[in-house]
Amino acid sequence: MNRYLSTLAVLALTFGSTACLVKETTHRVYLSPSGSVAWMVLEQGVRSDEEDSTKQRREEREWLDAVVRDAHPVTQGLRRLGAERLSTHLLRSERPYMVLTDARFARVDEVIQRLLEECGLRGTATLQTEGQATTLAVSVDLSSLDDPEPETESPVVALLEDLDRYRFALTEGRFVGATGFDIIENGAAATLQEIPAETVETGGIMKLRLAWRVR
């Protein structure tokens, strides 16, 4: 069960995607020095894999209608996390489709805390700044994966399907320390690491940390 792991990656194993839409999704999470977030999700190559042409057209039309109404799954998930600003842009209106969703949040720790709560996971997220250095720390009790599931599935599940395609980037400064992440591009970006299966299976405490400094 090696997955790119954040608190969401573990949860993603418990939810199956029931959609028949095929797409390639990438997430770019832009962090400012103060910890505010611009979360951009690009969905491209979107199409139905239904063999029946009538069902195919219906499924794609339902998805496109939801995009136009700012109500497709990615938008619903980001809205549920408390986005202060949220916009959806249909970049390609012909099959296969392409959509860019842009969400803005005041603080990255508040986004993650809300996400944990939506997923029914016990944990904390904190953001601390000292001088020019800022540290985001996340702690998750993985034994909470065994807790009873919520009666209603949260729309944030739509954000969990492509965790290996998440990239965190700084708008200014450099990442200088990390736990559970690989720092890349000379400190300008970071990606989630894989962890051993036993870390999840034993239900221990998972800790993630990103530290950055503004020059």
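The values are calculated or read from the model by the stated rules, or taken from the named source; none is laboratory data. All of these numbers come straight from a predicted model, not from anything done at the bench. Ideal geometry is used to build each Cβ from the backbone, glycine not excepted, and the neighbour counts take in all protein chains shown.
Observations on the model:
- Unmet requirement for L91, which otherwise passes all of (1) at pLDDT 95 or above; (2) surrounded by fewer than 16 Cβ atoms within 10 Å (Cβ to Cβ); (3) out of contact with any helix residue (DSSP H, G or I) (no Cβ under 8 Å at 6 or more places or on another chain); (4) under 30 Å from G204 (Cβ atoms): (4)
- Residue within the stretch 86-93 that is within 21 Å of A169 (Cα to Cα), assigned by TED's automatic domain parsing to the domain that holds R209 and hydroxyl-bearing (S, T, Y) present: no
- Selection status of R79, basic (K, R), farther than 30 Å from T129 by Cα and either surrounded by 16 or more Cβ atoms within 10 Å (Cβ to Cβ) or not assigned by TED's automatic domain parsing to the domain that holds P155 (or both): no
- In the stretch 68-116, the residues that are within 19 Å of L21 (Cα to Cα), touching a Leu at 6+ places or on another chain (Cβ under 9 Å) and in a helix (DSSP H, G or I): V68, P73, V74, T75, G77
- Selection status of L127, within 23 Å of S34 (Cα to Cα) and in a strand (DSSP E or B): yes
- Sub-8 Å Cβ pairs linking a first residue in the stretch 154-182 that is touching a residue at least 12 places away in the same chain (Cβ under 8 Å) and at positive phi to a second residue that is surrounded by 21 or more Cβ atoms within 10 Å (Cβ to Cβ) and aromatic (F, W, Y), at least 6 apart or interchain, are G173/W212, ordered by first then second residue.
- So E130, is it modelled with pLDDT of 80 or more, over 26 Å from L21 (Cα atoms), acidic (D, E) and exposed (fewer than 13 other Cβ atoms within 10 Å of the Cβ): yes
- S139 meets each of the listed conditions (1) farther than 20 Å from S36 by Cα; (2) in a strand (DSSP E or B) apart from (1).
- Hey, E161 modelled with pLDDT under 90, in the same structural domain as C119 (by TED's automatic domain parsing) and assigned to a loop (DSSP other than H, G, I, E, B) or not: yes
Per-residue answers, yes or no, for (1) within 24 Å of R122 (Cβ to Cβ); (2) charged (D, E, K, R); (3) modelled with pLDDT under 95; (4) assigned by TED's automatic domain parsing to the domain that holds G123:
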site: G177; (1), (2), (3), (4): no, no, no, yes
site: G180; (1), (2), (3), (4): yes, no, yes, yes
site: I183; (1), (2), (3), (4): no, no, no, yes
site: A188; (1), (2), (3), (4): no, no, no, yes
site: L192; (1), (2), (3), (4): yes, no, yes, yes
site: A197; (1), (2), (3), (4): yes, no, yes, yes
site: T202; (1), (2), (3), (4): yes, no, yes, yes
site: K207; (1), (2), (3), (4): yes, yes, yes, yes
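- Sole residue being in a strand (DSSP E or B), more than 15 Å from the chain's Cα centre (by Cα) and modelled with pLDDT of 90 or more, chosen from V22, V29, V41: V22
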